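J.: I am attaching a structure below and will ask some questions about it afterwards.
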Amino acid sequence: MEYQNKFKDNLKELRVEKKIGQVELAKAVGVSKGIISLWENGLREPNMYSLIKLAKYFNVTLDELVGFN
């Protein structure tokens, strides 16, 4: 799915822009560092609850996060 590639790229870009590691992001969202890595590599997709937490954490819309904009 095309949005998955945009999501994984957007997630990593947002994390790097905020200058935080995967561990810090994982703690903020309530998942493991391994899950963040899987998301950034496109090997897994977050559930809606995690998407909402990510969007709030980065102060972006869900559309921006998943690349629907």
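The values are calculated or read from the model by the stated rules, or taken from the named source; none is laboratory data. If you're wondering where the values come from, they're calculated on a predicted model, not measured in any experiment. When we count neighbours, we look across all protein chains shown, and the Cβ atoms used for this are built from the backbone with ideal geometry, even at glycine. With ligands, DNA and RNA removed, areas are computed over all heavy atoms of the protein, side chains included. Shrake-Rupley method; radii C 1.70, N 1.55, O 1.52, S 1.80 Å.
J.: Search the range 1-45 for residues being touching a helix residue (DSSP H, G or I) at 6+ places or on another chain (Cβ under 8 Å) and under 16 Å from Phe68 (Cα atoms), and hand back the single one that is modelled with the lowest pLDDT.
T.: Filtering first and then ranking leaves Tyr3.
J.: Looking at (1) in contact (Cβ under 8 Å) with a residue 40 or more places away in the chain; (2) surrounded by 18 or more Cβ atoms within 10 Å (Cβ to Cβ); (3) among the β-branched types (Val, Ile, Thr), find the lone condition where Val60 falls short.
T.: Tallying (1) in contact (Cβ under 8 Å) with a residue 40 or more places away in the chain; (2) surrounded by 18 or more Cβ atoms within 10 Å (Cβ to Cβ); (3) among the β-branched types (Val, Ile, Thr), Val60 fails exactly one: (2).
J.: When both residues are 6+ apart or on different chains and their Cβ atoms are under 8 Å apart, which pairs have a first residue that lies in the range 8-22 and is over 14 Å from Asn59 (Cβ atoms), and a second that is of a type in the set (S, T, N, Q) and surrounded by 13 or more Cβ atoms within 10 Å (Cβ to Cβ)?
T.: Gln22/Ser37
J.: What pairs can you find where one residue is in the range 37-52 and closer than 15 Å to Glu13 by Cβ, the other is loosely packed, with under 13 Cβ neighbours inside 10 Å and not β-branched (Val, Ile, Thr), and their Cβ atoms are less than 7 Å apart, with a gap of 6+ or different chains?
T.: Note: pairs meeting the criteria are Gly42/Asn5.
J.: (1) on the phi < 0 side of the Ramachandran plot; (2) out of contact with any Ser or Thr (no Cβ under 9 Å at 6 or more places or on another chain); (3) open to solvent by 90 Å² or more (accessible area, probe 1.4 Å): which one isn't true of Lys19, the others all being true?
T.: Among (1) on the phi < 0 side of the Ramachandran plot; (2) out of contact with any Ser or Thr (no Cβ under 9 Å at 6 or more places or on another chain); (3) open to solvent by 90 Å² or more (accessible area, probe 1.4 Å), Lys19 violates only (1).
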